[in-house]
Amino acid sequence: MKDIRGRILTAIGVVFILFWCLLPVAWIISLSFKSQEAVTNGSPGFFPSDGGGAGWKNYTDVLDDEQFRHAIINSIGISLIATALSVIFATLAAYAIARLEFKGKKFVLTTALVIAMFPVVSLVGPLFDMWRTFGIYDSWIGLIIPYMSFTLPLAIWTLSAFFREIPWEMEQAAQVDGATSWQAFRKVIVPLAAPGVFTAAILTFFFAWNDFVFGISLTSTERARPIPAALSFFVGADPFNRPASLLAAGAVVATVPIVVLVLFFQRKIVAGLTAGAVKG
Amino acid sequence: MSTYVQTAAPDEAPKAVDSDRTRAENSLARKLVAPAVVLMLVVTAFPMLRALYLSMFSYSLTAPDDKEFVGFQNYWTALSDPLFWRDTGNTVMVMIVTVTIELIIGFAFAMVMHKLIFARGTIRTSILIPYGVITVVSGFAWQFAFSNTNGFVNSWLPFIGDDFNWFAKYDSSMIAIMASEIWKTTPFMSLLLLAGLAQVSEDMLEAAKVDGATWIQRLYKVILPNMRAAIMVAVLFRALDAYRIFDNIFVMTAGANNTESISFLTYRQVIEQFQLGIGSALSVLLFLSVLVLAYAIVKLFKVDLSAARQEN
């Protein structure tokens with residue numbers, strides 16, 4: 001009797017979770033199919049009204065927009081480069097943290113923790129000033145550098161958690177067979193650690209793709225402006241009267257890569273996200 | 001903090017003798033760690049020092065030649081301005097309200113996912129979607145959902161007129177902002193709590209059940225105490241993250257109707273008004289308040305930082 005009640009509660013919970021997670025996504029998709037005229041005249045309600053639908057027009061309009069296309073390219077390029085570099089540096093650091101005893105380990109871990117909690121906006125002023133002096137304001141490299149720094153903590157945690165699970169004896173076996181520390185790292189650990197590296201890469205990519213503060217502060221033109229910043233500047237200064245359905249189409253386009261990643265790599269992402277919080 | 005006694009693993013014992021090996025390990029470790037540490041510090045510590053320096057000057061990019069040393073005057077200007085305290089108040093309120101609600105809903109979600117036998121993959125996939133959605137997109141989605149001309153919220157909610165304008169007043173604007181914030185970050189919270197739930201021993205729960213403990217008693221006496229570390233780390237991370245709130249406010253209200261946060265105020269001074277002097281003072285104050293907040297949470301709730309730092 002009690003068991004049945006529990007199962008019903010769980011079932012209700014499942015429905016609620018699905019509703020919670022998917023409603024705003026469904027809404028933004030639905031909105032992207034409302035026609036721009038209908039939105040201007042006011043079209044309340046979840047679904048496009050009769051005659052208020054736009055078909056794929058908002059999508060073709062968005063993809064035809066020069067600035068939006070630039071923003072997509074910027075976002076993909078900047079996020080991929082930052083991810084690759086960040087994961088390389090994090091892999092080296094995490095290996096040292098998980099496998100080696102050294103003075104200063106606590107310092108590295110504390111630094112990572114502090115940076116993970118750093119109020120990013122407080123850096124915007126000095127970075128804005130410095131980047132202009134160095135001539136990397138409004139450039140890819142100007143965004144890649146802060147993205148790397150801020151994704152390193154998460155990548156280091158995820159990777160060192162994975163590295164601890166790797167059988168230590170195999171590295172020792174390689175060393176007994178005459179490999180140096182470096183060879184043991186490259187030939188034995190790297191292949192075993194590949195899944196962890198991959199997880200760290202996905203999480204890093206999420207961060208870079210999601211960033212907004214640096215995206216609006218350290219860019220001024222379409223040369224380097226990433227998608228979130230481009231979306232927020234999409235039209236005019238009046239925040240209460242935007243071309244909602246067009247923006248929704250842009251938002252859907254910007255969300256698709258992330259949803260695809262989530263669909264394919266759900267298990268790895270969950271493992272990576274929770275690695276930092278609870279000792280396994 | 002309690003002292004953590006490290007019991008040496010048997011195979012680590014000879015290390016003390018083999019000092020060449022220890023030294024080699026030390027030097028390799030430093031080389032491996034150095035690039036990451038340097039990168040993290042270059043973009044944080046160095047600019048923070050620069051901000052500290054700039055905050056002592058009256059310095060505006062619109063009149064760079066008028067740069068003048070003014071000591072702590074910028075701090076005094078900021079701290080004596082009601083705007084600073086209003087925005088800090090907003091930020092603290094958002095932090096407390098969202099983290100509390102996220103903790104409750106996130107725990108409920110975690111319980112459901114923990115009990116789940118079927119469709120685990122589907123639920124986990126969908127719960128990751130809000131986490132993956134760009135905050136700006138979440139802000140837009142909720143802004144349009146609450147909109148009285150194009151949204152659906154008014155028609156779905158009872159007791160609310162169809163033409164109610166959520167963004168015309170402070171209270172309702174804050175509710176809309178917090179809805180977006182809570183929607184996006186609750187899944188993350190629930191995943192952290194789910195990992196904590198998995199650490200609670202089933203045997204102990206079974207024993208409590210056999211001893212006749214009710215569901216509520218099991219929750220308060222067995223489950224919650226055993227996942228304390230996970231809860232505290234989740235609260236610490238989310239609270240400091242909520243204190244940085246910026247994206248949602250920028251997109252949804254742009255600070256209209258006094259909905260500005262402290263991050264937004266800092267951004268506005270520096271990027272929109274080019275006031276690098278006072279802006280830097282605000283940056284330093286923001287950084288200090290996060291430090292104080294982190295320290296307070298760690299001390300108040302006795303967060304086990306070695307768990308957060310992942311030492312073992």
> So what's the gap between the Cα centers of segment A:183-206 and segment B:136-211, to the nearest angstrom?
Replying inline: 35
>> If I take R0 = 60 Å and measure r between the Cβ atoms of B:Ile101 and B:Phe46 in this structure, what FRET efficiency does the formula 1/(1 + (r/R0)^6) give, to the nearest 0.05?
In response: 0.95
>> Loop only by DSSP, 13 or fewer other Cβ within 10 Å of the Cβ. Give me the trypsin sites (Lys or Arg not before Pro) in segment A:1-107 that pass, ordered by residue number.
In response: A:Lys103
> Residues in segment B:19-47 near a label at A:Lys105, defined as backbone nitrogen under 16 Å from the 7 Å Cα→Cβ point?
Replying inline: B:21-34
>> Over chain A, what portion of Cα pair distances is larger than 35 Å, expressed as a whole percent?
In response: 35
> For A:Thr133 and A:Ile73, what is the calculated FRET efficiency with R₀ set at 35 Å and r taken between the beta-carbons, to the nearest 0.05?
Replying inline: 0.85
> Can you list the residues, at least 5 places off or on another chain, whose amide H is less than 5 Å from the amide H of B:Phe57, using H built in the peptide plane?
Replying inline: B:Val70
> Rounded to the nearest 0.05, what FRET efficiency is calculated for B:Ile175 and A:Phe46 with R0 set to 22 Å and r the Cβ-Cβ distance?
Replying inline: 0.65
> Using a simple spin-label model with points 7 Å from Cα along the Cα→Cβ vector, what separation in nm is obtained for B:Asp66 and A:Leu9?
Replying inline: 6.6
> Restricting attention to segment A:34-94, which chymotrypsin sites (Phe, Trp or Tyr not before Pro) occupy a DSSP loop and are surrounded by at most 13 other Cβ atoms within 10 Å?
Replying inline: A:Trp56
> Which of the lysines could a cross-linker span from B:Lys299 if the Cα-Cα distance has to be under 22 Å and same-chain partners fewer than 8 positions apart are dropped?
Replying inline: A:Lys106, A:Lys279
>> Counting only Cα atoms, I'd like the Rg/Rh figure for segment A:123-172, Kirkwood definition for Rh.
In response: 1.31
> Who wins for biggest fluctuation among B:Trp166, B:Trp85, B:Trp76 in a Gaussian network model of chain B, springs between alpha carbons below 10 Å?
Replying inline: B:Trp76
> Can you give the convex hull volume per residue for the Cα atoms of segment A:163-250, as a whole number of Å³?
Replying inline: 151
> How large is Rg/Rh for segment B:84-309, to two decimals, with Cα atoms and a Kirkwood Rh?
Replying inline: 1.03
> For the protein assembly as shown, what is the convex hull volume of its Cα atoms per residue in Å³?
Replying inline: 184
> Between B:Lys115 and B:Trp156, 0.36 nm times their residue separation minus their Cα-Cα distance comes to what?
Replying inline: 11.7 nm
> Once amide H atoms are built 1.01 Å from N in the peptide plane, which residues 5 or more positions from A:Gly53, or in another chain, come under 5 Å H to H?
Replying inline: A:Ser35
> What is the order of B:Leu300, A:Leu152, fewest Cβ neighbours within 10 Å to most?
Replying inline: B:Leu300, A:Leu152
>> As a footprinting exposure proxy, order B:Leu265, A:Leu92 by other Cβ within 10 Å, with the fewest listed first.
In response: A:Leu92, B:Leu265
> Under a plain spin-label model, where a point goes 7 Å from the Cα along Cα-to-Cβ, how far apart in nm are A:Ala173 and A:Leu63?
Replying inline: 5.1
> Computed from the mean reciprocal separation of all distinct C-alpha pairs, what Kirkwood hydrodynamic radius does segment B:211-312 have, in Å?
Replying inline: 16.5
>> Could you tell me the center-to-center distance, by alpha carbons, between segment A:33-91 and segment B:76-108 in angstrom?
In response: 31
> Going through segment B:35-108, which trypsin sites (Lys or Arg not before Pro) have at most 15 other Cβ atoms within 10 Å and a DSSP loop state?
Replying inline: B:Lys67
> Based on the Cα atoms of segment B:48-109, what semi-axes does the equivalent ellipsoid have, where each is the square root of 5 times one gyration tensor eigenvalue, given in whole Å with the largest first?
Replying inline: 38, 14, 10
> If a helix is a whole DSSP H run, which ones in chain A reach 18 Å or further along their own axis (Cα) and hold a mean Kyte-Doolittle hydropathy of at least 0.0?
Replying inline: A:2-32, A:66-99, A:121-134, A:140-165, A:190-210, A:244-275
>> Restricting to DSSP H runs of at least four residues, report the calculated mean residue ellipticity at 222 nm for the protein assembly as shown, -39500 (n - 2.57) per run over all residues, nearest 500 deg cm²/dmol.
In response: -23000 deg cm²/dmol
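Here, each number is a calculation from the coordinates, and none is a lab measurement. Keep in mind that this is a model prediction, so the values were computed, not measured. Neighbour counts are summed over all protein chains in view; Cβ atoms, including those assigned to glycine, are modelled from backbone coordinates with ideal geometry.
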